[in-house]
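Scroll down for the structure; my scribbles are underneath it.
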Amino acid sequence: MKVRDVYLTQAQTLTDSGSLTFPLSQLGKILHIRVKLSATNGATSNTVGKLVGWVSKIEVVDGSNVLASCSMIEWLAANCFNNQVMPFRDDSAGAAVVITDEIVVTFGRFFGDREYYLDCSRFANPMLRITWSFTVSGTAGVATGTEQLSLLCTTIEDQALPYKGFIMRKEVGSWTTAASGNQSFILPLDYPYMGIYVSALKTTVAPDTILTNFKLSRNTDQYIDYNITGRDAYAKNVETFGYFSQKFRPLVDTTATWLGDLYFQTGAWMSRPGATSKALTTAVLGESVTTFGTTGGSVDTQELELQGCAPGAACYLPFHYGDPYNVPNPDDFLNPTGLGELKLILTQGVASAAGTVVVEQVHP
């Protein structure tokens, strides 16, 4: 198989908020699309220190047919579980520092999958659409007009393997959690399921306390694929996929708090305190990390490392058991053919979290 990388756009300047579409037909067979965003921090700082939360949708559409649709934070979670590594980040709170966040829009079961890819020739007018709204601020955001977008596509140029379809990742439900009771979603029955992501994001709150049980029922409990506590579901993710890590350069000479993107069993430490200063983490609560640095350091010499699970507060419910490298076997996927109902039932324990449901299905 011969592949190549081609820019759909490179360092394109964006407005502070908006939406853009890019045609894909000319690219043929696409393995994945790397989405890179960069911007310059505010003149004093960017205490948010990242861009990932300001992109509400990254989609692939064919007219009214939605082939993929997730927020950037949902794509980040999918990348972690499917690729078993956090996508590239270069995040900082420093004044006027250029920061970068990336995700990969993947069409395979895993990064580098040769058998599942998007064949654009099978669709009338496939396009990638991205929607964003950046916070412009001198202290808690980015400088206006500095945002840039690059799209790097990896395409198959020759000797493609026989087409088996692509993995469609799409948000199918969202809600605000309640303090108790169940939230149910009737899931589509059109294509086989590789997995489901369920997220419950509330700052500084562990997601297993927000969603205390996951249940997936076929035909009103005729067969139950999942009926597992939140704690055990998140712990199972750790055992299967391991821990993820991300790095961040915090403000120095002060006490600073930063919200990362890992929410379960998190820990943090200063991996690079600087040559002439002292720095440490003083508190970790959910995804929130508090640091303290003495005088003499700079934002370029100090670096924090956060480790944990539940990227974007997501829990992954897979329908595959794979080999030791977690390669999904399509024979294990949930085939909804003949079902009358597939219902996801989520038991809630904490109010006002932002919940979402994302499905992974094999689209022919």
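The values are calculated or read from the model by the stated rules, or taken from the named source; none is laboratory data. None of the values given here were measured: they were computed from a predicted structure. No Cβ is skipped: glycine too gets one built from the backbone with ideal geometry, and neighbour counts run over all protein chains shown.
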Just one of the numbered conditions (1) surrounded by fewer than 22 Cβ atoms within 10 Å (Cβ to Cβ); (2) over 19 Å from Lys236 (Cα atoms); (3) at pLDDT below 95; (4) not β-branched (Val, Ile, Thr) is not true of Leu304; which one? (1)
Quick check on segment 1-35: of everything there that is surrounded by fewer than 18 Cβ atoms within 10 Å (Cβ to Cβ) and of a type in the set (Lys, Arg), which residue is nearest to the chain's Cα centre (by Cα)? Arg4
So, in segment 318-344, of the ones that are among the hydrophobic types (A, V, I, L, M, F, W, C), at pLDDT 95 or above and touching a Lys or Arg at 6+ places or on another chain (Cβ under 9 Å), which residue ends up nearest to Ile167 (Cα to Cα)? Leu334
Out of segment 150-170, which residues are in contact with a helix residue (DSSP H, G or I) (Cβ under 6 Å, 6 or more places away or on another chain) and of a type outside the set (S, T, N, Q)? Cys153, Arg169
Picking from Thr209, Thr240, Thr204, which residue would you name as being under 21 Å from the mean Cα position of the chain (by Cα), of a type outside the set (A, V, I, L, M, F, W, C) and at positive phi? Thr204
Identify, from the list Gly242, Gly312, Gly296, Gly286, the residue that is of a type in the set (Gly, Ala, Ser) and at pLDDT 95 or above. Gly312
Farther than 20 Å from Val60 by Cα and surrounded by fewer than 19 Cβ atoms within 10 Å (Cβ to Cβ), is that true of Ser174? no
Quick count over segment 121-150, residues being basic (Lys, Arg) and in contact with a Ser or Thr (Cβ under 7 Å, 6 or more places away or on another chain), is 1
Please list, ordered by residue number, the strands (runs of 3 or more DSSP E) wholly in segment 58-160 having 3 or more residues that are polar (S, T, N, Q). 148-158
Condition set of a type in the set (Asp, Glu) and in contact (Cβ under 8 Å) with a residue 60 or more places away in the chain, scope segment 209-265, selection nearest to Leu76 (Cα to Cα): answer is Asp261
Which residues, counting only those in segment 245-277, are outside any strand (DSSP E or B) and touching a Leu at 6+ places or on another chain (Cβ under 8 Å)? Pro250, Gly260, Asp261, Pro273
State whether one or more residues within segment 107-120 are buried (at least 16 other Cβ atoms within 10 Å of the Cβ), of a type in the set (Ser, Thr, Tyr) and touching a Ser or Thr at 6+ places or on another chain (Cβ under 7 Å). no
